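Chemist: This is the structure I want to talk about, given as structure tokens.
The values are calculated or read from the model by the stated rules, or taken from the named source; none is laboratory data. Because the structure is a prediction, the values reported are computed rather than measured. Quick reminder, even Gly has a Cβ in these numbers, built from the backbone with ideal geometry, and neighbours come from all protein chains shown. Side chains included, ligands, DNA and RNA excluded: accessible areas come from the protein's heavy atoms. Shrake-Rupley method; radii C 1.70, N 1.55, O 1.52, S 1.80 Å.
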Amino acid sequence: MAVSVLIVEDDKNIAELLQLYLEKEGYAVTIANDGGKGVEKFRAIKPDLVLLDLMLPVMDGWGVCRVIRAESQVPIIMLTAKGETLDKVTGLKAGADDYITKPFEMKEVLARIEAVLRRSVGAVEKKANRLVFDKLMIDMDAFELTVDGKKVDAPPKEMELLFHLASSPNRVYTRNQLLDEVWGFDYFGDSRTVDVHIKRLREKLEGISNQWGLKTVWGVGYKFEVTNS
């Protein structure tokens, strides 16, 4: 499967040039021409890498970067104007992995994309069993749940359920999906089992952070919701 790249760039000439070269190299490319659309398309396609311009309409690049970082550790490369050192520093502090100065050569863009992807693959593999959000850490290697800096007792199935939901922020799961994917296809209990575990998790997590929460989607199921707060 091709590596997917989301380009968030309001200059259509630059965006189309990047798309042309990246597709020639085998990448699957999606373009968004403002920050708001960038966030929407990021959530829709869940790309492997984001090329993000700083000066964007609707929502600037720093804002887009912070939203993405609240939901994902996907690699982000900022596109900055020549000589704007402060912008580069601010972008890196907001969570960007690298930056490219305009005007740029496509060889540099391709080289930086390849380098960032190589680094991120190792990081993802190392962190695959550990998720960190505001005041929350779910460590499946140690089977430890840390809430607001304190270890909280949670049975294995509660840990597995929370980890499964939090691994795909904002994705809604039906009760049957959760039974199949967390308890296993050979489990013969009913969907109330999921409700009971969600209730217990909520008792441990409610009110800890305004950046995430276990949410009920009425008539459908549950999701681990990540907000922009």
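Chemist: Counting only protein heavy atoms, what percent of the accessible surface of the chain is carbon or sulfur at a 1.4 Å probe?
Modeler: On the way: 6430 of 12410 Å².
For the chain, the apolar C and S fraction of the accessible surface comes to 52 percent.
Chemist: Show me the ranking of peptides 147-154, 192-199 by mean Cβ neighbours inside 10 Å, starting with the highest.
Modeler: Numbers: 147-154: 12.4, 192-199: 15.6.
Ranked by mean Cβ neighbours within 10 Å, highest first: 192-199, 147-154.
Chemist: In terms of modelled amide H atoms, which long-range or inter-chain residues lie less than 5 Å from the amide H of ASN129?
Modeler: Under 5 Å from the amide H of ASN129 lies no amide H from a residue far enough along the sequence or on another chain.
Chemist: Given the rule -39500 (n - 2.57) for each run of at least 4 DSSP H residues, summed and divided by the residues of the chain, what is its mean residue ellipticity at 222 nm, to the nearest 500 deg cm²/dmol? Walk me through the numbers on the way to the answer.
Modeler: Working: 8 runs with 95 residues, N = 229.
Mean residue ellipticity, 222 nm, calculated: -13000 deg cm²/dmol.
Chemist: Rounded to whole Hz and in sequence order, give me ³J(HN,Hα) for segment 215-224 from the Karplus expression 6.51 cos²θ - 1.76 cosθ + 1.60, θ = phi - 60°, writing x for Gly and Pro.
Modeler: 3J(HN,Hα) across segment 215-224, in whole Hz: 10, 8, 9, 4, x, 10, x, 9, 8, 9.
Chemist: Each residue of segment 151-159 in order: what ³J(HN,Hα) in whole Hz does its phi give by Karplus 6.51 cos²θ - 1.76 cosθ + 1.60, θ = phi - 60°, with x for Gly and Pro?
Modeler: Working through the residues one at a time gives 6, 10, 5, 8, x, x, 5, 5, 4 Hz.
Chemist: Shifting gears a bit: Write down the accessible area per residue of the chain in Å², having rolled a 1.4 Å probe over the full set of protein chains. Present the calculation step by step, with values, prior to reporting the outcome.
Modeler: On the way: 12410 Å² over 229 residues.
Counting only protein heavy atoms, the per-residue value for the chain is 54 Å².
Chemist: Placing +1 on the Cβ of each Lys and Arg and -1 on the Cβ of each Asp and Glu in the chain, which of MET137, ILE68, LEU52 has its Cα farthest towards the positive end of the resulting dipole?
Modeler: MET137
Chemist: Could you please report the charge total around GLY221, scoring K, R as +1 and D, E as -1 over all other residues with beta-carbon less than 11 angstrom from its beta-carbon? Write out the running numbers ahead of the final one.
Modeler: Numbers: positive: ARG171, ARG175, LYS215, LYS223; negative: ASP195.
Spelling it out: positives minus negatives among the neighbours equals +3.
Chemist: Short version: ³J(HN,Hα) in whole Hz for each residue of segment 105-110, in order, from phi by Karplus 6.51 cos²θ - 1.76 cosθ + 1.60 (θ = phi - 60°), x for Gly and Pro, what are they?
Modeler: Values per residue, Gly and Pro as x: 9, 4, 4, 5, 4, 5 Hz.
Chemist: Can you compute the FRET efficiency between ILE208 and MET55 using 1/(1 + (r/R0)^6), with r the Cβ-Cβ distance and R0 = 35 Å? Round to the nearest 0.05.
Modeler: On the way: r = 36 Å, r/R0 = 1.02.
Step by step, r from the Cβ atoms, then E = 0.50.
Chemist: Add +1 for every Lys or Arg and -1 for every Asp or Glu among the other residues with Cβ under 14 Å from the Cβ of ASN210, and state the total. Intermediate values should be presented prior to the final figure.
Modeler: Values: positive: LYS135, LYS215; negative: ASP134, ASP148, GLU206, GLU225.
Result for the local shell: -2.
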